[in-house]
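Structure record follows, encoded as structure tokens.
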Amino acid sequence: MNRLLVGLALLLAGCGTSSNQNDKPEAGKMAPPFSLPYKLDAPDANFSLPASLREISGLTYYKPNQLLCVQDEEAVVYVFDTEKKKVVQDFGFGGYGDFEGIEYVNGEVYVLESTGNLFRFKPESTQIGRTKTGLPAKTEVEGLGYDPKTKRLLIAVKNGGGASSDKAVYSFDLLNRAVFRDMGLNDEQLTGAGIDPKTYKPSGIAVHPVTGEWYVLTSTGKRLLVTNRQAKILYSVPLDAKLFRQPEGICFAPNGDLFVASEGDGKNGYILKFRYKK
């Protein structure tokens with residue numbers, strides 16, 4: 001597999017050895033019929049966000065009834081309580097940037113910049129780690145997830161620096177501190193799933209905690225795509241533009257409940273909740 005060694009900074013110093021196995025999945029066409037366990041036209045809850053999160057760009061599950069949110073201009077993490085329906089805490093991790101994703105893993109917060117840089121820290125800690133991932137030049141990323149099976153962060157590419165990195169998902173191995181090109185979808189697959197390849201620009205990615213599929217959200221084109229780890233498209237559905245004004249973030253609760261965050265597009269940002277229907 002094509003892999004890129006990661007240059008580490010601050011708390012993320014040191015590199016491990018990469019696996020000798022070729023983990024690159026073989027691309028395939030549409031897989032057999034898939035039943036989406038959510039009613040995307042009927043959210044079970046709609047949480048309005050404060051002005052500080054009008055430009056919300058990512059969210060992740062934190063604790064029971066709590067989500068972590070980040071917006072794309074300030075290095076601040078907000079704790080949103082879904083029972084109290086408000087932000088109950090916030091903590092900074094730097095200054096300003098273009099922050100596009102957030103993930104909470106094993107007691108640590110990871111925040112993704114559009115350049116591919118990763119910030120790592122414990123909630124409320126003043127010790128901040130920063131990793132230059134070394135993705136291909138001119139690669140713009142806009143989605144961060146975590147796959148517990150592989151223990152890797154998933155980094156979804158919005159705009160690739162070339163044909164080899166376009167429409168790709170990279171993964172950051174938390175054990176070996178290395179970046180891999182994990183999955184790529186080709187134009188034929190996307191077209192077969194009813195997607196114009198030009199509009200496939202992921203804005204969020206998350207792994208279903210019960211079934212293990214990858215859920216990819218696109219703000220451009222407003223669509224939800226479900227794939228397996230072998231790069232087969234299981235499901236593709238357009239999103240109602242009135243309900244999903246500018247979908248930017250996606251995450252799951254451990255029981256499978258789905259959360260999708262949208263920027264305000266001139267209004268307040270908001271988070272939609274969809275209960276998992278087994």
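Read-outs: derived from the displayed coordinates by stated rules, not from any lab. This one's a predicted model, so the numbers in the text were calculated from it and none came from an experiment. Methodologically, a virtual Cβ is constructed for each residue, glycine included, from the backbone with ideal geometry; neighbour enumeration extends over all protein chains shown.
Using the structure shown, select from LYS201/LYS232; LYS63/LYS84; LYS138/LYS273; LYS63/LYS85 the pairs with a Cα to Cα distance greater than 25 angstrom. Listed pairs above 25 Å: LYS138/LYS273. So which of LYS86/LYS198; LYS151/LYS242; LYS132/LYS278; LYS132/LYS198 end up more than 31 Å apart by C-alpha? Flagged as over cut-off: LYS86/LYS198; LYS151/LYS242; LYS132/LYS278. Applying a DSSP loop filter and a limit of 16 other Cβ atoms within 10 Å to the trypsin sites (Lys or Arg not before Pro) in region 137-224 leaves LYS138, LYS149, LYS151. By other beta-carbon atoms within 10 Å, ranking THR82, THR191 with the fewest at the front produces THR191, THR82. Using a Gaussian network model of the chain in which every pair of alpha carbons under 10 angstrom is joined by a spring, one finds that among ASN255, ASN186, ASN117 the greatest mean-square fluctuation is at ASN255. Listed from fewest to most Cβ neighbours within 10 Å, the set ILE155, ILE102, ILE233 follows the order ILE233, ILE102, ILE155. Charge dipole of the chain (Cα centre as origin; +1 on each Lys and Arg Cβ, -1 on each Asp and Glu Cβ, all else neutral): 540 debye, rounded to the nearest 20. Answer with one residue from VAL88, VAL141, PRO33: the one whose Cα lies farthest towards the positive end of the charge dipole of the chain, charges on Cβ with Lys, Arg +1 and Asp, Glu -1. Selected residue: PRO33. The loop-placed GluC sites (Glu not before Pro) in region 71-170, going by DSSP, that have at most 15 neighbouring Cβ atoms within 10 Å of their Cβ come out as GLU73, GLU83, GLU124. When SER219, SER114, SER125, SER203 are sorted by how many other C-beta atoms sit within 10 angstrom of their C-beta, beginning with the fewest, the order is SER125, SER114, SER219, SER203. Its relative contact order, with pairs defined as Cα atoms under 8 Å and 6+ residues apart, puts the chain at 22 percent. Selection among VAL70, GLY212, PHE274 by position relative to the dipole of the chain gives GLY212 as farthest towards the positive end (Cβ unit charges, Cα centre).
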